[in-house]
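Student: First the structure, which I've put down as C-alpha cells, then a few questions once you've had a look.
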Amino acid sequence: MKYEAVIGLEIHLELKTKSKLFCGCSAAFGDKPNSNCCPVCLGLPGSLPVFNRRAIELAVTAALSLNSSVQLKSRFDRKNYFYPDLPKAYQVSQFDQPLGTGGYLEFNLDGAVKKVCLERVHLEEEAGKLVHAGNSIFESEYSLVDYNRAGIPLLEIVTAPQIYSGREARLFLEELRSVLLYSGASDCRMEEGSLRCDANISLRPRGAEALGTKAEVKNMNSFRAVELALNYEAGRQAAILESGGQVIQQTCHWDEEEKITIPLRGKEGSSDYRYFPEPDLMPLVLDQTFVDSLKDLLPELPEAKRRRLKERYSLSSEEVILLTSARELADFFEEAASIYHDYSNLVKWVQGDLLFQLREAGKPVAEIKPALLVELLNLLDDGKINRPVAKDLLAGLVKQGLSPARLVKEKGLGRISGEESLAPMIGRVIEENPDAVNNFRQGKEKALVFLVGQIMAQTQGRADPGEVNRLLRQKLARD
C-alpha cells in the first residue's frame, strides 16, 4: 500500500468511585433512568460543584501507572457545545492545564517492544446517555435521555499519533486495560461504557512526515471493533486519495452490523468549544507528598509481573501472559505456588481445568482459596485419587468451596488400586463380555480399551486405568 495510516487514540475511562465527580449522586451502573441526579450534576442555577477526593486519587494513580508527569497545579475549564446528553450545555473538563502531561505505554508487537507516547491525561465529567428508539441512531424516530451518567468522573488519555494500524491500536488498548485494572483506577468494562475509545486516523504517503487530514471514528464498543473500524477507515480514505479526491476532516460512526464507517458531521476543533476557566472551581492544587504516597501504593504492573513470574517460576511467555491477564489470577497462582512447588503442574491446572470451571460456574478466581487447589493436587500427586476424580472434585471446590480431602473421606472417593481390590471386578467384566475378550485375543486392541472402560465405569473413575490395563492383560494371557 502506498499510504501509511497514522492513528492517535482518545481513551475515556470511568473512574471506580461510588459517587460523581462534583456531587454526592451515585455513580452506580444500571439504576433506573434519571434516578441519580441532583441540581449540581444537572447544572441548575445556584448549584455549586465540590471535588470528589477519591476521583482525584484514582486519576493520579492512573496517571502514575502510565508514566505520566502529575502536575501539582491543574485547572478545570468549561467546554461548550450543545448536545441533548449534556444538561448544562457545557462539560467541565481540563484544557491547557491538565492533571498529567506526557507518559508512555509499552506493549508487545510481534516479539518486539512497541512504545507509544501519551500527550496528556486529564480529568473531566461524563455526559449523559442517549437511548435511541430504533435499532441504530440512523433508524431512530426519537431518542430518550438518561442523565444518571452525567457527572461521573472520567479520565481522558490522549496518545501521540504513533500507532500505524488497527491491530496496533487493539494491542495497545489491551495492554492499557491491563495496566488500568492492575492500578485499580477503573473496572474497564467496555460493555458498561466505563472504557471507551475514539480514534483519529489520517493517511500520508509512505516516507512522508507531514500528517494528512484526519477523521475521528466513534462508537467502537470492543477492541476488535477498534481494529476493524480503523482498518476500514484507512481503506476508505485510501480509495478517496487514489481517485484524486480529498479527505474531509469529519467525525465518522462505526456501524457494527455493517462493519463500515459512516461520516456524520464535520469535526470540531478546540476553538469551536470556546474553552474558558470554570468559574465555580478553584484550581486543583496537589501536595507532592500526596502524589508520592499514591506512587508508593502502586502495585506491580503487568509487564514487571510478567518478567518476574517468568524468571521466578521458569514459565513460558505464553503462560505468564495468560496468568497476568488478570491481577487476581496472578495473585492466586503465586499464593498457591508458595506452598506447592511443582510450578509446571500448577500452572497447567490453573490455566486449564480451573479457568474452565470458573467460566462454567460464573465465578471470579478471587472467591477460590488457593490452598484448596493445592490440597487437591497433593491428593493426586500422592496417588490417593486419580485424574477423573480430581476433575470432579475441582468442580465442587469451585462451585461450593468444598475441601477435596474431606470429600474423598466422606464419599469414599479414594483411588481403587492393587490386585486384591481390582481382581474381582476384572473377573466379572471378562465373564460378562465374552465377545470383547475373543476380539482382543484375535489381536483387536480396541477390545481391551472397551474392557478397561467397563471397569472405570463400575468404579466411577476411581480405578487406576494403567493398573487395570496391566492386570487385564495378565488375566487374559493366563486364561
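The values are calculated or read from the model by the stated rules, or taken from the named source; none is laboratory data. Everything numeric in this text was worked out from a predicted model, so none of it was measured. As a convention, Cβ positions derive from the backbone with ideal geometry for all residues, glycine included, and neighbour counts pool all protein chains shown.
Student: What strands (runs of 3 or more DSSP E), lying completely within the range 77-166, carry at least 1 residues that are more than 22 Å from the chain's Cα centre (by Cα)? So that I can check it myself, show each step before the final result.
Tutor: Working: elements: 77-80, 90-93, 104-109, 112-125, 129-132, 143-146, 153-159.
Counting at least 1 such residues, we get 77-80, 90-93, 112-125, 129-132, 143-146.
Student: Just to verify a result, which residue in the range 293-324, among those that are among the hydroxyl-bearing types (Ser, Thr, Tyr) and surrounded by fewer than 17 Cβ atoms within 10 Å (Cβ to Cβ), is modelled with the lowest pLDDT?
Tutor: From the range 293-324, those among the hydroxyl-bearing types (Ser, Thr, Tyr) are 293, 313-314, 316-317, 324; that's our starting set.
Keeping just the survivors that are surrounded by fewer than 17 Cβ atoms within 10 Å (Cβ to Cβ) gives 293, 314, 316-317.
Values: Ser293: 97, Ser314: 95, Ser316: 93, Ser317: 90.
Ranking the candidates gives Ser317 first.
Student: Continuing with this model, one more query. How many residues does the range 209-235 contain that are surrounded by 18 or more Cβ atoms within 10 Å (Cβ to Cβ) and in contact with a Pro (Cβ under 9 Å, 6 or more places away or on another chain)?
Tutor: Qualifying residue count, the range 209-235: 3.
Student: For the range 44-79, enumerate the residues that are over 16 Å from Pro98 (Cβ atoms) and either touching a strand residue (DSSP E or B) at 6+ places or on another chain (Cβ under 8 Å) or without any contact (Cβ under 8 Å) to a residue 40 or more places away in the chain (or both).
Tutor: Leu44, Pro45, Gly46, Ser47, Pro49, Val50, Asn52, Arg53, Arg54
Student: Answer yes or no as to whether Val226 is without any contact (Cβ under 8 Å) to a residue 60 or more places away in the chain, of a type in the set (Val, Ile, Thr), in contact with a strand residue (DSSP E or B) (Cβ under 7 Å, 6 or more places away or on another chain) and under 16 Å from Ile11 (Cα atoms). If you could, list the steps in order and put the result at the bottom.
Tutor: Details: without any contact (Cβ under 8 Å) to a residue 60 or more places away in the chain: no; of a type in the set (Val, Ile, Thr): yes; in contact with a strand residue (DSSP E or B) (Cβ under 7 Å, 6 or more places away or on another chain): yes; under 16 Å from Ile11 (Cα atoms): yes.
When the stated conditions are applied, Val226 does not pass them.
Student: Among the residues of the range 138-196, write down those that are touching a residue at least 60 places away in the same chain (Cβ under 8 Å) and acidic (Asp, Glu).
Tutor: Asp146, Glu156, Glu168, Glu174, Glu175, Asp187, Glu192
Student: Note down all Cβ pairs under 8 Å where the first residue falls in the range 263-275 and is in a helix (DSSP H, G or I), the second is modelled with pLDDT of 80 or more, and they're at least six residues apart or on different chains.
Tutor: Ser270/Phe95; Asp272/Tyr81; Tyr273/Lys79; Tyr273/Asn80; Tyr273/Tyr81
Student: Among what's in the range 4-48 and is more than 14 Å from Ala127 (Cα to Cα) and of a type in the set (Asp, Glu), pick the residue that is farthest from the chain's Cα centre (by Cα).
Tutor: Selected residue: Glu4.
Student: Can you name every residue in the range 25-74 that is assigned to a helix (DSSP H, G or I) and charged (D, E, K, R)?
Tutor: Arg53, Arg54, Glu57
Student: For the range 192-199, indicate whether the set of residues that are at pLDDT below 90 and part of a helix (DSSP H, G or I) is non-empty. If you could, list the steps in order and put the result at the bottom.
Tutor: Of all residues in the range 192-199, those at pLDDT below 90 come to 192-193.
With part of a helix (DSSP H, G or I) added as a condition, the list becomes 192.
Yes, the range 192-199 has at least one match.
Student: Follow-up. Only residues that are of a type in the set (D, E, K, R) and under 21 Å from Cys37 (Cα atoms): list them for the range 122-163, please. Steps first, please.
Tutor: So the first thing to find is which residues in the range 122-163 are of a type in the set (D, E, K, R), and the list is 124-126, 129, 139, 141, 146, 149, 156.
Residues satisfying the conditions are Glu124, Glu125, Glu126, Lys129, Asp146, Arg149.
Student: Could you tell me whether the range 12-32 includes any residue that is at pLDDT 95 or above and more than 30 Å from Val179 (Cα to Cα)?
Tutor: yes
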